[in-house]
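The values are calculated or read from the model by the stated rules, or taken from the named source; none is laboratory data. Note that the coordinates shown come from a computational prediction; the quantities given were computed from them, not determined experimentally. Ideal geometry is used to build each Cβ from the backbone, glycine not excepted, and the neighbour counts take in all protein chains shown. The area values use the complete protein model at the heavy-atom level, side chains included, leaving out ligands, DNA and RNA. Shrake-Rupley method; radii C 1.70, N 1.55, O 1.52, S 1.80 Å.
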Amino acid sequence: MKKWMLTCVCALAFTGSVLAETLPLPPPVKEGGMPLMQALNERHVSRQFNPVKKMDMQTLSNLLWAAFGENRPDGRRTAPTARNAQDTLIYVALPEGVFLYNAQENTLEEISKEDIRAKTGKQSEMLASAPVVLIYVSDYNKLDFAEGEKKLFYSALHTGSIYQNVDLFAASEGLNTVMLGMVNYEELPQLLKLSDHQKVLIVQPVGYKP
């Protein structure tokens, strides 16, 4: 009996060690930063990143909140979506693995422990040098008010608004970023474990200047 109980405890411990993790993010800092007009003046794109400097959790939390976090008690977000569809999912590729941003809980939900940054697009060397690669995915089930190509129109419109939020945050914080259209559309759905109704749109590496 004791041997059986020990075996069960060991099995549970092992199982727990391989379960997906949920990482809490620190509360985003919603004050300060660069004045809007100055951020617009500083806004630019760059494909160069410091390959050894990781992004700290506070900056990552602020970045994701600026991108598409909740900014009102009713759950509405920092970027607009038609009919408040909130169809855009932000996957976060880090050296430690890939995670899904949960804006409601302000957490990162682990998808896998694989570092997929270099696999997110065709410019693999550049992507691998960025500490964070954001992958924008639209859940077409949340766009049930649109038909056919209109789904792509709305999903692209929503993603563009989020991308610009990240662009302005990067300008304010002195970070480099760029939107990439040369995306690995073939492999990413499998790497992110997407459903058929979820569509990868673009990727956006973010990091520190060299």
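Restricting segment 91-166 to chymotrypsin sites (Phe, Trp or Tyr not before Pro) that sit in a DSSP loop and have at most 12 other Cβ atoms within 10 Å of their own Cβ leaves PHE145.
Spacing of the modelled spin labels on GLU125 and ASN71, each 7 Å from Cα toward Cβ, amounts to 3.9 nm.
The apolar share of the surface of the chain, taken as the fraction of accessible area on carbon and sulfur atoms (1.4 Å probe, ligands and nucleic acids excluded), comes to 57 percent.
Exposed loop sites were defined as GluC sites (Glu not before Pro) in DSSP loop states (anything but H, G, I, E or B) carrying at most 13 other C-beta atoms within 10 Å; in the chain the longest segment without such a site runs 32-104.
Distance between the pseudo-spin-label points of ARG83 and TYR185 (7 Å out from Cα toward the beta carbon): 2.5 nm. When all protein chains stay in place and ligands, DNA and RNA are ignored, the 1.4 Å accessible-area order of MET57, MET126, largest first, is MET57, MET126. Extents of the chain, largest first, come to 71, 44, 39 Å (Cα atoms, principal axes, whole angstrom).
Accessible surface calculations at 1.4 Å, restricted to protein heavy atoms, place the chain at 54 Å² per residue.
So which lysines can LYS150 reach, going by Cα to Cα under 18 Å and dropping same-chain residues fewer than 8 places off? Counting by Cα, and skipping residues close in sequence, LYS150 has these lysines nearby: LYS142, LYS199.
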